[in-house]
Structure formats: C-alpha cells, structure tokens
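Structure first, then comments.
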Amino acid sequence: MIFAYKEYRCKNCGCTILEPLELNSEGSIVTYTVIRVAPEKFASKVPYTIAIIKLREGAHIAAFCPGEFDDTLLGKPVTVARRDDIYIFEIKR
C-alpha cells in the first residue's frame, strides 16, 4: 500500500516556511484527457475534460472543464478560475 502525504516544501532548499503567491489566471494547455466514464461521485458530470495548464509564471495546475471538445486543445490559451475548491478552465476566444 502506498501513502502520499500532503507536504509543502521549497523544491530548491526544502524550507517549509512558505508564503502564498497569487498567480495569473491565464495560461495554455499542456495536455488533457476527456473523462467519459467517471467515478460515482462525478458520474453526473460526464463527459468532462481535465487539463494540465501551464500558467504565465511557469507553474502547472490541473483544471476541470465541463464537456468535451471537437478539436485538439494542446497549446490553446485558457483562463483559469477557482470555484468550489477546484480549478475550472475556459478556452479564450
């Protein structure tokens, strides 16, 4: 059995004294997947897309978007917002 512990540390020095950093809400899609068969908790939301977004500052985050898309999303510019404790992305038009 594997256990993962949520622990925040500086990746350079290992320091645990960290400050929140406000990140830009714009970025681009690095990779994504469309979920069509979901766990029971999310079954009512299918299909939905989960993407890894690279923000302007270089940070990567995972974000959710309801629905699926006809064309490839790779490299598409997006905006990201936090709602109900999850990140939601929208394609910039």
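The values are calculated or read from the model by the stated rules, or taken from the named source; none is laboratory data. Values in this document were obtained by computation on a predicted structure and should not be read as measured data. No Cβ is skipped: glycine too gets one built from the backbone with ideal geometry, and neighbour counts run over all protein chains shown. Surface accessibility is based on the protein's heavy atoms, side chains included, excluding ligands, DNA and RNA. Shrake-Rupley method; radii C 1.70, N 1.55, O 1.52, S 1.80 Å.
Tell me, yes or no, whether region 45-52 has at least one residue that is modelled with pLDDT of 90 or more, in contact with a Pro (Cβ under 8 Å, 6 or more places away or on another chain) and farther than 16 Å from residue 88 by Cβ.
No: region 45-52 contains no residue that is modelled with pLDDT of 90 or more, in contact with a Pro (Cβ under 8 Å, 6 or more places away or on another chain) and farther than 16 Å from residue 88 by Cβ.
Please count how many residues of region 53-73 are closer than 13 Å to residue 34 by Cα, modelled with pLDDT of 90 or more and not in a strand (DSSP E or B).
Qualifying residue count, region 53-73: 2.
Could you grab me the full set of residues in region 70-93 that are farther than 28 Å from residue 20 by Cβ, of a type in the set (A, V, I, L, M, F, W, C) and surrounded by fewer than 15 Cβ atoms within 10 Å (Cβ to Cβ)?
74
Just give me the residues in region 37-62 being open to solvent by 60 Å² or more (accessible area, probe 1.4 Å) and not aliphatic (A, V, I, L, M), in sequence order.
Hits for region 37-62 are 39, 40, 41, 42, 44, 45, 54, 56, 57, 60.
Go through region 74-93 residue by residue and tally those that are in contact with an Asp or Glu (Cβ under 8 Å, 6 or more places away or on another chain) and not in a strand (DSSP E or B).
The total comes to 1.
Go through 88, 35, 17, 50 for me and flag whichever is in contact with a Cys (Cβ under 7 Å, 6 or more places away or on another chain), aliphatic (A, V, I, L, M) and at negative phi.
Criteria check complete, one pass: 88.
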